[in-house]
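Undergrad: Mind looking over this structure? Questions follow.
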Amino acid sequence: MRASPTRRALLAGLATGWSLPAPAQHHGHSGHAAPSPRPDPLAGRFGGPFALVDHSGRAVSEGDFRGRFMLVYFGFTRCTDTCPIDLPTIAQALDGLGPLAERVAPLFVTVDPAHDTPAVLAAYVGAVHPRLIGLTGSEAQIAAVARAYKVHRRKLTLPHHAPGEHSVDHGSLTYLMDREGRFLTLVPHRTSADRMVAVLRNYLG
C-alpha cells in the first residue's frame, strides 16, 4: 500500500538510523546495575489514551493493559499485503520470548471498523496467535487512536471492488509501549522475528 510523504520520511529515518537499543552491560561482581536501553528519540510522539472494544465485545482502554508492555499494530482483517507479513512475525516473536511473553499485551487495532466487528476480529486474531487481542470501535474511536499513534489510513475503492467494497491504505509500523502506556520504540515493517525478539528482550529484561 502506498505510503504518504510523511510516512515515507519517517521510514527513511528509520532505515538509516534505527538500531537495537544498546545492550545491557554487566560488570561482574562490581555491584553496578546494568544500564537501561537508551530512550528512543521519538519518545512522546506516539500513543495516548484510547477507548475501544476488544474481540470479545468488552469495552477496554489503555488502562486495562497497565503493568504490561503493549505491542501495538494497526491493520485490518481483509489486508492482503502488510498484515500477512507482520502479524505472523509478531506471533513468532511472542513464541520466541517464552515466559517473557506474559509481560506483553499484543494488540491488533483495526483501521476498518465498519467491517471488523468483534466477531470478525475474534476469528481473525485467533488464527494468528492465541494471545493476540483484536481491538475495534466506532469510526470516531478508531480515528482518535490512529491520530494518537500517527497512523495514516485511507479508504480505497479499486476497480476490482464490487459495489460497497473497499480496501484501506494504512501504516505498517509496530509500536512498543511501556508498562504505563508510554512510547518506547518502533519496529519497522518486515523486521524479522529474531530481531523483534531481540528488541523486546532489551526492554522486557
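The values are calculated or read from the model by the stated rules, or taken from the named source; none is laboratory data. Keep in mind it's a predicted model, so treat the numbers as computed, not measured. Ideal geometry is used to build each Cβ from the backbone, glycine not excepted, and the neighbour counts take in all protein chains shown. These accessible areas exclude ligands, DNA and RNA; they are computed on the full protein's heavy atoms, side chains included. Shrake-Rupley method; radii C 1.70, N 1.55, O 1.52, S 1.80 Å.
Undergrad: How large is Rg over Rh for segment 61-205, taking Rg from the Cα atoms and Rh as the Kirkwood inverse mean of 1/r across Cα pairs?
TA: Rg/Rh: 0.96.
Undergrad: Same structure again: Looking at segment 66-205, send over the antiparallel percent of its DSSP beta bridges, to the nearest 5.
TA: Details: 12 of 22 bridges.
Percentage antiparallel, nearest 5: 55.
Undergrad: Around Thr117, under 15 Å between beta carbons, what's the net of Lys plus Arg minus Asp minus Glu among the other residues?
TA: Around Thr117, the surrounding residues sum to -2.
Undergrad: Carbon-plus-sulfur fraction of the accessible area of segment 68-205, 1.4 Å probe, in percent?
TA: 56
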